[in-house]
């Protein structure tokens with residue numbers, strides 16, 4: 001089988017040699033089997049569980065038990081993309097809180113990590129490409145002003161596309177305080193794209209904004225979480241919490257065996273820890 | 001004697017006044033003078049003065065407006081004056097002026113939906129001065145003139161309300177427009193547009209938040225929108241805006257093959273580059289839904305050619321690239337789009353102003369109304 005070409009970073013080649021009926025020559029078929037990578041969060045009572053090994057994980061691909069490898073996530077840098085709602089509904093105080101929250105997260109990155117910035121109103125604007133220069137991203141954030149409508153769905157798609165980076169773990173933090181009012185892309189199509197992505201999306205919503213449904217679904221299919229805050233003054237601690245939590249996720253991989261190639265593969269991830277809660281993307285789409 | 005003299009004197013006054021023409025009541029005279037002097041489209045002194053009048057004063061004028069010496073011309077000028085007051089002077093004021101409309105029955109309940117960037121910001125009681133102006137139009141005596149003027153007045157006022165996203169007011173407004181002009185294509189298109197909006201995520205989220213509001217479910221609104229657009233097209237088959245919106249609504253209903261037919265026709269009838277752009281976008285979406293990804297790509301590329309700075313078709317193309325497994329192409333397509341400065345929607349990406357509906361033509365409608373005031377009633 002072949003998962004979608006954009007997904008895996010690890011590949012194992014499997015050569016099948018089949019004896020043909022023609023005696024003069026052998027027919028050779030090559031099937032490339034690629035590994036599937038999963039960002040997994042394991043918590044007990046809301047606290048991340050540490051020091052698990054591959055033997056603690058059980059992954060089923062379309063119901064078939066798989067052999068799990070564990071990747072040492074400490075060695076893999078992060079590629080963090082902030083997608084921040086800067087539409088009309090955000091107050092001046094909200095803009096200030098949002099900037100401080102983003103600054104806090106950027107300051108908490110470690111050498112090797114990269115960060116990029118997207119702001120959105122009706123337009124989606126890439127303020128900064130992913131860069132290890134945090135000061136550049138901070139400076140770009142200062143230039144953004146709140147105006148216009150909300151293209152939350154378009155911005156989420158753009159951020160996920162930007163967060164994909166070979167050799168890095170993609171994290172997207174989407175903040176919105178309102179309902180999507182102006183996106184072109186349909187939510188179901190973006191969710192379909194998200195299902196193919198290794199990027200993990202954390203949504204942050206203020207109060208009970210109308211955008212909750214999409215952000216909740218997006219966070220869910222990517223294995224992230226939607227965090228709701230009462231007001232924007234809680235954004236800084238929330239952003240830091242997301243980064244902290246993401247660093248404590250496990251990066252596990254497996255090479256699919258015994259399952260059909262194309263189509264949607266539902267994944268079930270369990271750990272051998274009592275009362276543990278596991279978050280990971282719900283599946284992946286295999287290629288032809 | 002003094003008592004008798006007083007009675008005779010009183011009788012003499014009554015006889016004299018009955019024989020002479022009735023003087024114009026002072027308030028009506030002031031109103032007619034203000035309407036006549038008002039510069040259409042301006043928040044001038046007349047608009048400010050009449051804008052301060054009480055509801056009782058307005059009701060008094062309305063009672064007197066249908067009788068001589070009030071003319072259809074004066075009523076038309078008055079309707080424009082009060083439209084300008086509602087939009088320019090008292091834009092934030094609303095209230096129930098009339099318990100019932102003359103000839104038109106009671107006003108329908110107003111859907112509560114005033115939104116800012118997706119947030120419900122208040123309820124939608126009807127504007128006093130718009131109610132007054134609508135009631136005034138019913139006082140016109142020449143049916144032909146009334147229909148012609150009302151057509152332009154409703155087109156201009158509905159466009160302004162759409163532009164300002166005053167959907168609650170627009171709902172009430174169009175209900176009255178349809179009573180007076182049941183077969184007017186522009187009124188029908190505006191009515192379909194309103195239901196298209198009410199079927200959208202903002203209205204539906206408001207409905208979930210407050211189930212009591214009169215918005216209606218998405219499916220019902222799409223059905224209503226479809227019927228209004230089809231009625232408009234039955235009256236005016238070349239109306240590209242109606243066909244375009246019908247095509248989109250059919251797509252939203254999942255009837256993509258039907259949508260493609262309407263959208264191709266809309267493309268042929270398109271009056272401007274913006275309508276062609278919309279048609280290509282919607283064609284692309286329906287083709288994508290049908291799994292015709294090459295066709296969809298072609299449609300989005302054509303939309304992008306029409307508006308090279310527009311983000312929407314490029315977002316669609318990048319998503320299609322991911323669908324096809326080409327992440328690099330997805331990033332390449334997005335690269336240019338995301339660096340585009342967020343300039344004004346009209347010139348950058350018309351999708352951002354699609355939900356303005358007739359509001360996109362507000363300037364044109366206003367000009368037509370003011371011209372009608374000068375030509376038809378002057």
Query raised in the report: Ranked highest first by average number of other Cβ atoms within 10 Å, how do A:228-238, B:30-40, A:266-276 line up?
Result: B:30-40, A:228-238, A:266-276
Report task. Nearest 5 is fine: what % of DSSP beta bridges in chain A come out antiparallel, could you say? Result -> 65 percent
Query - Degrees separating the helix A:92-107 axis from the principal Cα axis of chain A, which is the longest one - result: 40 degrees
Report summary line: Expressed as a whole number, the average count of other chain Cβ atoms within 10 Å around the Cβ atoms of A:172-181 is 4
Report task. Could you sort A:124-136, B:131-143, A:45-57 so that the peptide with the highest average Cβ count within 10 Å comes first and the rest follow in order? Result -> B:131-143, A:124-136, A:45-57
Report task. Between residue B:67 and residue B:367, take the C-beta separation as r, use R0 = 35 Å, and let me know the FRET efficiency to the nearest 0.05. Result -> 0.65
Report summary line: Using alpha carbon centers only, the range B:132-201 is separated from the range A:157-181 by a whole-angstrom value of 43 Å
Report summary line: The helix A:212-222 Cα axis meets the longest alpha-carbon principal axis of chain A at an angle in degrees, between 0 and 90 and rounded to 10, of 30 degrees
Report summary line: Taking B:278-288, B:224-234, A:185-195 and ranking on average Cβ neighbours within 10 Å, highest first, one gets B:278-288, B:224-234, A:185-195
Report summary line: Rounded to one decimal in nm, the spacing of the 7 Å Cα→Cβ label points at residue A:147 and residue A:257 is 5.9 nm
Query raised in the report: Which whole-number percent gives the relative contact order of the range A:74-247, counting Cα pairs below 8 Å spaced six or more residues apart?
Result: 26 percent
Requested in this report: Please give the average number of partner chain Cβ atoms lying within 10 Å of the Cβ of each residue in A:183-193, rounded to a whole number.
Outcome: 5
Query raised in the report: Per residue of A:120-129, what is the mean number of Cβ atoms on other protein chains within 10 angstrom of that residue's Cβ?
Result: 5
Report summary line: Under 16 Å by backbone N from the virtual spin label 7 Å along Cα-to-Cβ at residue A:76, the residues of the range A:171-189 are A:171-172
**Report entry** In degrees, nearest ten, helix A:152-163 long axis to first principal axis of chain A (Cα)
**Finding:** 60 degrees
Report task. Measure of size requested: the Rg and Dmax of the range A:74-247, with Cα atoms as the atom set and Å as the unit; please supply both. Result -> 14.2, 41
Query raised in the report: What spacing in nm lies between the two simple spin-label points modelled at residue A:282 and residue A:139, each 7 Å away from Cα in the Cβ direction?
Result: 4.3 nm
Query raised in the report: How many nm separate the modelled label positions at residue A:213 and residue B:55, each set 7 Å beyond the Cα in the direction of the Cβ?
Result: 3.7 nm
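No lab work stands behind these numbers, since they all come straight from the coordinates. Please read all numbers here as calculations on a predicted model, not as lab measurements. Cβ sites come from the backbone with ideal geometry, for glycine too, and all protein chains shown count toward neighbours.
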